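The values are calculated or read from the model by the stated rules, or taken from the named source; none is laboratory data. Fair warning: this is a prediction, and the values are worked out from it, not measured in the lab. Here the Cβ positions follow ideal geometry from the backbone for every residue, glycine too, while neighbour counts run over all protein chains shown. Surface accessibility is based on the protein's heavy atoms, side chains included, excluding ligands, DNA and RNA. Shrake-Rupley method; radii C 1.70, N 1.55, O 1.52, S 1.80 Å.
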Amino acid sequence: MKYLLLCCLLFVSSINAQTFTFTAIPDEDESRLSSRFDKVALYLTEQLGVDVKYVPVKSYSAAISAFRNNQVQLAWFGGLSGVKARHLVEGSRAIAQGYEDQFFKTYFIAHHSTGLTEQAQLNKDIAKFTFTFGSKGSTSGRLMPEHFIQQTFGKSPNKVFKRVGFSGDHSRTIAQVQSGAWQIGAVNYKVWHNELNAGKIDLSKIKVIWTTPTYPDYQWTIRGDVDQQFSPDFSQRVQKALLDMSDPSLLASFPRQKFVPATNDDYEPIKVVAKAIKLL
């Protein structure tokens, strides 16, 4: 009897000792990401009563792989990476998004040497320049800009621009267009404003020339088996913790006003576009 009781106690202890892990797509400077998500890990640890750890990754595809392989149970994904991850992991759900993520947008930015100015519609004059996307798996840095380019020109970016590249993330897109390495780029509008506020953008060298229509983007996605791994209501508790996040410093690091509920259906437009341009 004592042995059975001891085994039960050890089993319960092992469950309580489980670490809940999460990751995020590496959409900007790595040090900034670590600063942001280490704070989120502390917040979630306090709210959930379990050890929570942020696991950094080097690429969008690595974030999806970590989620698929249960190396992480929660992820801050972009619209496309979230759609891909949920497609690979049965039962996984989008549970929260930033208020702003309901109507996200991309900026097209240009080096001053192009002579381009801000325009209400995507101007076909951009076709004579070089163009860089961000990551190949980015919603705001690749999927949606490519979609709008194809809508305007009726052909793929490779057939529109002099040369097309991928910087890897939004911060690098800004830096490379500002330096003149690329003449035009597509960038997440939130990262643009972050870099601008941080004094990293010289508006005499680079400017926004077009803003896309809005679309759904970032979200927190959780695996469907976390309730079996941790507790029967664990996914609900995680969602509540995210929705209840009110610390201005935490929210400002995203930056988001607040988090609101999200569902997989919210990202159906992203899935449709991804299939249309053969990214899913």
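To keep it simple, each residue is scored yes or no on (1) in contact with a Lys or Arg (Cβ under 7 Å, 6 or more places away or on another chain); (2) assigned to a loop (DSSP other than H, G, I, E, B); (3) among the basic types (Lys, Arg); (4) in contact (Cβ under 8 Å) with a residue 40 or more places away in the chain.
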residue	(1), (2), (3), (4)
Ser35	no, no, no, yes
Asp38	no, no, no, no
Ala63	no, no, no, yes
Gln71	no, yes, no, yes
Gly91	no, yes, no, yes
Glu100	yes, no, no, yes
Tyr107	no, no, no, yes
Leu116	no, yes, no, yes
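Identify, please: which residue in region 215-229 is within 23 Å of Pro145 (Cβ to Cβ) and assigned to a strand (DSSP E or B) and is, among those, nearest to the chain's Cα centre (by Cα)? Ranking the qualifying residues of region 215-229, first place goes to Gln219. Mind checking whether some residue in region 134-142 is over 21 Å from Trp220 (Cβ atoms), at pLDDT below 95 and more than 12 Å from the chain's Cα centre (by Cα)? Yes, region 134-142 contains a residue that is over 21 Å from Trp220 (Cβ atoms), at pLDDT below 95 and more than 12 Å from the chain's Cα centre (by Cα).
Taking region 257-268 as the range and being assigned to a helix (DSSP H, G or I) and exposed (fewer than 15 other Cβ atoms within 10 Å of the Cβ) as the test, the residues that pass are Asp265, Glu268.
Give me the residue from region 154-172 that is basic (Lys, Arg) and out of contact with any strand residue (DSSP E or B) (no Cβ under 6 Å at 6 or more places or on another chain) and, out of that set, surrounded by the most Cβ atoms within 10 Å (Cβ to Cβ). Here the residue is Arg172. Listed by first and then second residue, the pairs linking a residue in region 236-247 that is assigned to a loop (DSSP other than H, G, I, E, B) to a residue that is at pLDDT 95 or above and open to solvent by 50 Å² or more (accessible area, probe 1.4 Å), with Cβ atoms under 8 Å apart and 6 or more places separating them unless they lie on different chains, are Asp244/Gln47; Met245/Lys258; Ser246/Lys258.
Consider region 116-131 and keep the residues that are more than 12 Å from Phe161 (Cβ to Cβ) and in contact with a strand residue (DSSP E or B) (Cβ under 6 Å, 6 or more places away or on another chain). The one that is most open to solvent (accessible area, probe 1.4 Å) is Glu118. Here the condition is being of a type in the set (Val, Ile, Thr), assigned to a loop (DSSP other than H, G, I, E, B) and farther than 24 Å from Tyr54 by Cβ; of Ile201, Ile209, it holds for Ile201 alone. Going by the conditions given, is Ser204 among the small types (Gly, Ala, Ser), open to solvent by 40 Å² or more (accessible area, probe 1.4 Å) and more than 20 Å from the chain's Cα centre (by Cα)? In short, yes. Once region 37-57 is narrowed to residues that are among the aliphatic types (A, V, I, L, M) and crowded, with 20+ Cβ neighbours inside 10 Å, the residue that is nearest to Pro255 (Cα to Cα) is Val40. One residue stands out in region 1-36 among those that are open to solvent by less than 10 Å² (accessible area, probe 1.4 Å) and β-branched (Val, Ile, Thr): the one that is modelled with the highest pLDDT, namely Thr23. Residues in region 43-59: is at least one of a type in the set (Gly, Ala, Ser) and assigned to a helix (DSSP H, G or I)? Checked against the condition, which is being of a type in the set (Gly, Ala, Ser) and assigned to a helix (DSSP H, G or I), region 43-59 yields no hits at all. Scanning region 58-84 for residues that are open to solvent by less than 30 Å² (accessible area, probe 1.4 Å) and within 21 Å of Val191 (Cβ to Cβ) yields a count of 12.
In region 236-256, the residue that is most open to solvent (accessible area, probe 1.4 Å) out of those that are farther than 15 Å from Gly49 by Cβ and among the polar types (S, T, N, Q) is Ser246. Does region 92-106 contain any residue that is surrounded by 24 or more Cβ atoms within 10 Å (Cβ to Cβ), farther than 22 Å from Leu243 by Cβ and not aliphatic (A, V, I, L, M)? Scanning region 92-106, I find at least one residue that is surrounded by 24 or more Cβ atoms within 10 Å (Cβ to Cβ), farther than 22 Å from Leu243 by Cβ and not aliphatic (A, V, I, L, M), so the answer is yes. Based on what the data block shows, is Ala181 farther than 21 Å from Pro213 by Cβ, surrounded by fewer than 18 Cβ atoms within 10 Å (Cβ to Cβ), over 15 Å from the mean Cα position of the chain (by Cα) and aliphatic (A, V, I, L, M)? For Ala181, the condition - farther than 21 Å from Pro213 by Cβ, surrounded by fewer than 18 Cβ atoms within 10 Å (Cβ to Cβ), over 15 Å from the mean Cα position of the chain (by Cα) and aliphatic (A, V, I, L, M) - is met.
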